[in-house]
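Below is one structure, written out as structure tokens; comments come after it.
Each value in this text was obtained by applying a stated rule to the coordinates, not by laboratory testing. Because the structure is a prediction, the values reported are computed rather than measured. No Cβ is skipped: glycine too gets one built from the backbone with ideal geometry, and neighbour counts run over all protein chains shown.
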Amino acid sequence: MASNGGIKGLVTIFGGPGFVGRYAVQALAKDGFRIRAASRRPDLAGYLQPMGTVGQIQPVQANLRFPDSVRRAVEGAQIVINSVGVLAPSGAQSFAAVHAEGARAVARAAREAGAHKLIHISAIGASATSKAHYAKSKAAGEAAVLEEFPGAIILRPSIVFGPEDEFFNRFAAMARISPVLPLIGGGATRFQPVFVGDVADAVAAIAQGAGTPGEVYELGGPEVLSFRELLERTLDYAGRKRGLVSLPFWLAKVQAALTWPLPNTLRPLTVDQVRLLQTDNVVSSGALEQGRTLAGLGLSSPRSIGAIVPAYLERFKPKGQYAHYRG
């Protein structure tokens, strides 16, 4: 419900029903904004509407691959947010189409519609020189956004965790059926997981005036952990005892390639995701020194993995969710 007793300006958020998008919608609604939640399937986004007052949140149809639909979705919006992303390509939803060309379409439409603010959600690790197609396309998207809308604010989160995430849930599900979990590359790669609610609060803070136009903010949680430590915590929270087997990067790529015919939902990892695991995914020293972090957006106490993850991994425990209530 709106907390200020009134409705503010109009925000269009692409990917509104998605993982990050739904939390951003909730945070913006609480702050009193009117919201268009744009997605390819607005008929599946009805669950967003109870997050606000009657009529405050409106699902609308838009597809980043079709610029006309993007333009219609941003008409009259003062703030535009792009939270659309794919972890693995599927059909026409390629990295280039979504992360680069789609990002450009949103930025161009926002500029042409006269929006005064554009927030673009990218990812730590975005780099034009990366060997991972995901990271390379994210960098291309950032460049396109700033070319079309120079005052855009870009957010680069590390791994985002929350009840619907595709990291902790994926490995906890794997631990249900597999006697071992793979320590890809020995498990030394470092990450700085950030809670999806904190990413959403960063979006809402920028909508309220925080942040410097044209800057890139890197969002990380309070802990830097290795891939090994993340898997160990996953097993602990899921109540599973499993071995951790070191898997060289080259062998992980071979195994990922062999699963290529399977749907993305059934594949443990893609070859491109293995490439991403070869590079640390943490807030850079430059961002820390320049204040381009959560703290720089007014969020000085990000929530930790231990405060959030155990509750939603409880369902993976051997005796099921709420078993502790039964003794």
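Across the alpha-carbon atoms of the stretch 90-142, the computed radius of gyration and Dmax are 11.9, 36 angstrom.
In terms of overall dimensions, the stretch 36-169 has a Cα radius of gyration and Dmax of 14.9, 47 angstrom. Calculated on the Cα set of the stretch 147-276, radius of gyration then Dmax: 17.3, 51 Å.
In the chain, helical runs assigned H by DSSP with n ≥ 4 each contribute -39500 (n - 2.57); averaged across all residues and rounded to the nearest 500, the mean residue ellipticity at 222 nm is -10500 deg cm²/dmol. Within the same chain, lysines fewer than 8 places from K136 are excluded, and of the rest, those with a Cα less than 28 Å from its Cα are K117, K253.
Summarising the amide proton neighbourhood of L244: residues at separation of 5 or more, or on other chains, whose placed amide H is nearer than 5 Å comprise L181. Among the GluC sites (Glu not before Pro) in the stretch 15-124, those located in a DSSP loop and surrounded by at most 15 other Cβ atoms within 10 Å of their own Cβ are E75. In a solvent-free Debye calculation with one equal scatterer on each Cα, what is log10 I(q)/I(0) for the chain at q = 0.07, 0.12, 0.14 Å⁻¹, listed in the order of the q values? Values returned for q = 0.07, 0.12, 0.14 Å⁻¹ are -0.28, -0.84, -1.14. Using Cα positions and a limit of under 30 Å, work out the lysines in reach of K319, with same-chain residues fewer than 8 apart set aside. Partners within reach: K241.
Estimated from the Cβ-Cβ distance and a Förster radius of 35 angstrom, the FRET efficiency linking D68 and K131 is about 0.50.
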